[in-house]
Every structure is written in C-alpha cells, then in structure tokens.
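The values are calculated or read from the model by the stated rules, or taken from the named source; none is laboratory data. These numbers come from a predicted model, not from an experiment. Cβ placement follows ideal geometry from the backbone for every residue including glycine, while neighbour counts extend to all protein chains displayed.
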Amino acid sequence: MKSMSDFFPMKSPPESVSLFAEFIPLASEMVPLSMARGRVLAEEIVSGEALPPFSRSTMDGYAVRAADTYGCSGLEEALVTVIGEIAMGTSSQALCLQPGQAARIATGGELPAMADAVVMVEVTRPLDNKTVAVSRPVAPGENIIRAGEDYAPGAVVLRRGSRLRPQEMGVLSGLGVVSVPVHRRPRVAILSTGDELVPAEQTPPPGKIRDINSTTLAALVEEAGGIAIAHGICGDDFENMLAVCTEALVEADVLLLSGGSSRGRRDFTHQVFSAIPHAQMLTHGVSVRPGKPTILARQGNKSLFGLPGPAASAMVIFYCFVRPLLRYYSGLGATLGLSSIRATTAQPFPSAIGREEYVRVQLSPQDGGAPPLATAVYGKSGLLSPLVRADGLLPIGCEIEGFGRGVEVSVLLFP
Ligand code: AMP
Ligand code: MG
C-alpha cells in the first residue's frame, strides 16, 4: 500500500518508489504576459536589454559630478552652475557636465553625460537662477540607479520553473517581454458517482443527497492552478461510468472520479479504470487516514484518481496526492505547496502506527508570541462541519504513535 512518502523522493533509493516519476510536466505554450499570473515558466528568460535602460535619478534635485561636492557642509557650501533642466521623458544625453556644473533633475530622469550622482533638492539652496549651493556631499552612485543595475543585457532574469507573481510580471514588462512560455495548466475532469446523488441545484427526493464533491473538487483544482471541467454525476453503473470516463479523458490530463473507490459490491471505480483503454493501475489503497480507499491509475501521461466519496477523505487525498501532481504537471515539482506553521498541541493526538494520519485542526492564538494552540476537530469523514471549522491539517507520520499534549508540531494550512 502506498503512503505519501512513496510519492516523494524523501527516502534514499532504492526504497523510494516515486510514482510521480511516471509522469512528466505538461508541454509549454505562449501566453500573453497579462494572462500569466500564477503560471510557471517553461523556459528561462534572458534579458535582451539593460534594465533600467539608462542611469536614472532616484531623487528630485541636481545631477552632479560627485567630486564637485566633496568636503562641502552647511558652513562651507559647494557652488555649482546649473546648465539646464532634464524634462521627464526626454533624453539628457545632449547635456554633458563639465567640472562645477549641474543639471536640475526629477526622480526617474535620465542622468546627463559625466554626471555620477544626484544631490537631493533638500540639501541645496538657489543663490541665483544659475547657481546653487550644496550643503552635503554625495558619493559616486548616490541617489541614482545605474543602467542595467537591475538586469544587464544577457542576464538570466527568471529561471525555468519560476512561478510568475506580480513582481516577476513587472520585471518582464520592464524588459518588453509581453508573451511568455509557460507550462500548460492541467485540465482536470471531475465526475461524481453514486446512485444517491443529485445536482446541488435540485431538491433531493427521499433517499438522495446533493452532490458536494463536484463543487469542492472544482474549487480545489482551480486554487491549485488547474482547469476544472465538470462532468456532473454518474450513477453506480459500470457501462455508463466507463463511457463518461473514456470521453472525459479525451481532453483532460487528470480525471478525478469520486465515490465508488472501495471494494464494495456497488463500487465500480477500480473495474472502470481497469477497463479504460491503455490504462495501467498504479495503486488501489493508500496508507493515509482518512482516505484509504484511493485508486491511482495512468493512461500515458494522464492520471486517473478514484477518490473516496466522503468529503473529508476526498479533500485530504486531494491535498496529499492530487495537488502535488497538479503542481508537478504545471512545472513546479511534486511538492505539497502548502504553507506550514509551528503550533503546540492542546491535547494528545493518538494515532495508529502504519498509517499516515491527517487530523483536521483549529488554531487559536496564544499570548506573548507563543505558537498557536492546535485543537483537533474530530468528526466522521462524511461530516462537513469539522472541515469548515478547521484551519489546516496536522500530519502524523506512519511510524509514530501520535503526539502528547504540549508538543510542538507543524500544521499544514489550508490555502
Ligand atoms: P463511496 O465512496 O461511494 O462509498 O461513498 C462514501 C460516502 O460518501 C457515501 O455516504 C456517499 O453518499 C458519499 N458521497 C460520495 N460521493 C459524494 C458526493 N459527490 N457528494 C456528497 N457525498 C458523496
Ligand atoms: Mg458510492
């Protein structure tokens, strides 16, 4: 039976059976920069030009030759001759400072030739309309950003596998890179199965319940950067399930089928996955609680998940297995990608050896900068209210018997 560590190369080979090694990241596509937030670069970006393209002032004041200000003070001001003003958005290269000369400049203006610093207006005093007294010296490079100081031409600006945040997008627009090669977003087909399910917008007749997993899983997929494709509900019917799954896999990279993943009489997921053309079963059952009856299969580079029906189980398995694989497909590497926080257990957390357990926990802040207290929100895996109350998951490794009270632990936060 597989546990999380089988999916991540944490153990040293040959023990580690990295199932994700069977898959490869999705191909790259060019997208307009404005659409690229959160996407992952499929190629490195090399700067074709200097950023900034010319040396710029970071202050309102006077561009000078720094040496002309050496030794000056409030008592002994340096006098410079103002030979012009650099209007914003115009080139200053027609101006060239001779010793003793300065030019009026605004923040962001282009430094004239031979200027190597800017004195800020606050330490100057106009004497007449041509002469300014400077009361504090500047060093070469002071109050300026040099041409190429951010990125020189030919510099590696962003590496492959970088996720584009607003700041990376800003750099790219500064360099005129307006379309970027990124990994394709995984397309994830979502199908709920069970004779008892009706769509959320319907009033269930006696004996039926509304479909919850389609909504939860689509939101989890979108949050993880995937594209959710809804395939609705399918009854516990082998032929129908096989037809819908086969059809869904034409365009999807990932199939999330929830319900019917156990070994019961009316559980068809395993049979269906086994019957899908060219599909290969990778595992049936994971040593994770909740979520044991999980199925993973592949069809080429496409992955097929049979998720357990109960909401909490489906969600835990999503975070443990589906999310890392979606990230891997997207070029990020097979990581959980969840932030974690140090917390102190507010109670004992017993756990059986041999199962990796994920306990839903609520965090409450403590005074004096101490880590928050983690309290278990236990509840049957079919209940939704514990998930709504929880802030994250406390993983308990399969080789330990849980935690005592007052122990420092690491809690994975829901994104
Ligand atoms: P199964 O995995 O099919 O044995 O289902 C286990 C439990 O989860 C049953 O109580 C199902 O009714 C419930 N369940 C399965 N799929 C869904 C779903 N899409 N929405 C809400 N509950 C579900
Ligand atoms: Mg079922």
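Of the residues that make up region 260-278, is at least one assigned by TED's automatic domain parsing to the domain that holds Thr216, within 14 Å of ligand 1 (Cβ to nearest atom), surrounded by 23 or more Cβ atoms within 10 Å (Cβ to Cβ) and under 23 Å from Glu356 (Cα atoms)? Within region 260-278, one or more residues are assigned by TED's automatic domain parsing to the domain that holds Thr216, within 14 Å of ligand 1 (Cβ to nearest atom), surrounded by 23 or more Cβ atoms within 10 Å (Cβ to Cβ) and under 23 Å from Glu356 (Cα atoms). Screening Gly369 against (1) farther than 18 Å from Cys320 by Cβ; (2) surrounded by fewer than 17 Cβ atoms within 10 Å (Cβ to Cβ); (3) modelled with pLDDT of 95 or more leaves a single unmet condition, (3).
Report yes if some residue within region 42-63 is closer than 30 Å to Ala279 by Cα and within 28 Å of the chain's Cα centre (by Cα); otherwise report no. If you could, list the steps in order and put the result at the bottom.
Within region 42-63, the first condition is being closer than 30 Å to Ala279 by Cα, and the residues that meet it are 42.
From what is left, the residues that are within 28 Å of the chain's Cα centre (by Cα) are 42.
For region 42-63, residues closer than 30 Å to Ala279 by Cα and within 28 Å of the chain's Cα centre (by Cα): present.
Kindly indicate the residue of region 331-359 that is under 21 Å from the mean Cα position of the chain (by Cα) and not aliphatic (A, V, I, L, M) and also surrounded by the most Cβ atoms within 10 Å (Cβ to Cβ) among those meeting that condition. Quick ask: steps written out before the conclusion?
Taking region 331-359 first, the residues under 21 Å from the mean Cα position of the chain (by Cα) are 331-342.
Now drop any that are not not aliphatic (A, V, I, L, M), which leaves 331, 333, 335, 337, 339-340, 342.
Working: Gly331: 20, Gly333: 14, Thr335: 11, Gly337: 17, Ser339: 11, Ser340: 15, Arg342: 12.
Residue satisfying both the conditions and the ranking: Gly331.
I'd like the residue in region 121-146 that is surrounded by fewer than 18 Cβ atoms within 10 Å (Cβ to Cβ) and hydrophobic (A, V, I, L, M, F, W, C) and, out of all such residues, is farthest from Val80 (Cα to Cα). Here the residue is Ile145. Taken as a whole, the condition of being away from ligand 1 (no atom under 16 Å from the Cβ), among the polar types (S, T, N, Q) and under 30 Å from Ala297 (Cα atoms) does not apply to Thr375.
When Phe305 is tested against (1) outside the structural domain of Thr193 (by TED's automatic domain parsing); (2) in a strand (DSSP E or B), just one condition goes unmet, and that condition is (1).
Checked against (1) part of a loop (DSSP other than H, G, I, E, B); (2) surrounded by fewer than 17 Cβ atoms within 10 Å (Cβ to Cβ), Ser381 passes all but condition (2).
Going through Ile212, Ile229 one at a time, which residue ends up being hydrophobic (A, V, I, L, M, F, W, C), near ligand 1 (Cβ under 10 Å from one of its atoms) and surrounded by fewer than 22 Cβ atoms within 10 Å (Cβ to Cβ)? Break it down stepwise before answering.
Working: Ile229 fails: near ligand 1 (Cβ under 10 Å from one of its atoms).
Result: Ile212 is the single residue among Ile212, Ile229 that is hydrophobic (A, V, I, L, M, F, W, C), near ligand 1 (Cβ under 10 Å from one of its atoms) and surrounded by fewer than 22 Cβ atoms within 10 Å (Cβ to Cβ).
With respect to the conditions (1) surrounded by 14 or more Cβ atoms within 10 Å (Cβ to Cβ); (2) over 30 Å from Leu75 (Cα atoms), Arg165 falls short on a single one, namely (1). Counting the residues of region 106-120 that are part of a loop (DSSP other than H, G, I, E, B) and either modelled with pLDDT under 95 or within 40 Å of the chain's Cα centre (by Cα) (or both) gives 5. Here is a list of conditions, (1) basic (Lys, Arg); (2) within 16 Å of ligand 1 (Cβ to nearest atom); (3) touching a residue at least 60 places away in the same chain (Cβ under 8 Å), and Arg298 meets all of them except one; can you say which number that is? Here Arg298 meets the rest and fails (2). Hey, does region 328-350 have a residue that's within 18 Å of Glu222 (Cα to Cα) and in a helix (DSSP H, G or I)? Yes - at least one qualifying residue is present in region 328-350. Looking only at residues that are away from ligand 2 (no atom under 16 Å from the Cβ) and hydrophobic (A, V, I, L, M, F, W, C) in region 174-202, which one is nearest to Thr246 (Cα to Cα)? If we take residues in region 174-202 being away from ligand 2 (no atom under 16 Å from the Cβ) and hydrophobic (A, V, I, L, M, F, W, C), then Ala189 is nearest to Thr246 (Cα to Cα). Pro140 fulfils the conditions (1) part of a loop (DSSP other than H, G, I, E, B); (2) under 27 Å from Tyr329 (Cβ atoms) except for a single criterion, (2). Taking the criterion of being touching a residue at least 24 places away in the same chain (Cβ under 8 Å) and aliphatic (A, V, I, L, M), the residues of region 195-207 that qualify are Leu197, Val198.
Does Leu363 satisfy the criteria of being farther than 29 Å from Met241 by Cα, assigned to a strand (DSSP E or B), modelled with pLDDT of 95 or more and of a type in the set (A, V, I, L, M)?
Values: farther than 29 Å from Met241 by Cα: yes; assigned to a strand (DSSP E or B): yes; modelled with pLDDT of 95 or more: yes; of a type in the set (A, V, I, L, M): yes.
Considered against the rule, which asks whether it is farther than 29 Å from Met241 by Cα, assigned to a strand (DSSP E or B), modelled with pLDDT of 95 or more and of a type in the set (A, V, I, L, M), Leu363 comes out as yes.
Can you confirm whether Ile190 is within 11 Å of ligand 1 (Cβ to nearest atom) and surrounded by fewer than 16 Cβ atoms within 10 Å (Cβ to Cβ)? Talk me through it step by step, then tell me what you get.
Values: within 11 Å of ligand 1 (Cβ to nearest atom): yes; surrounded by fewer than 16 Cβ atoms within 10 Å (Cβ to Cβ): no.
No.
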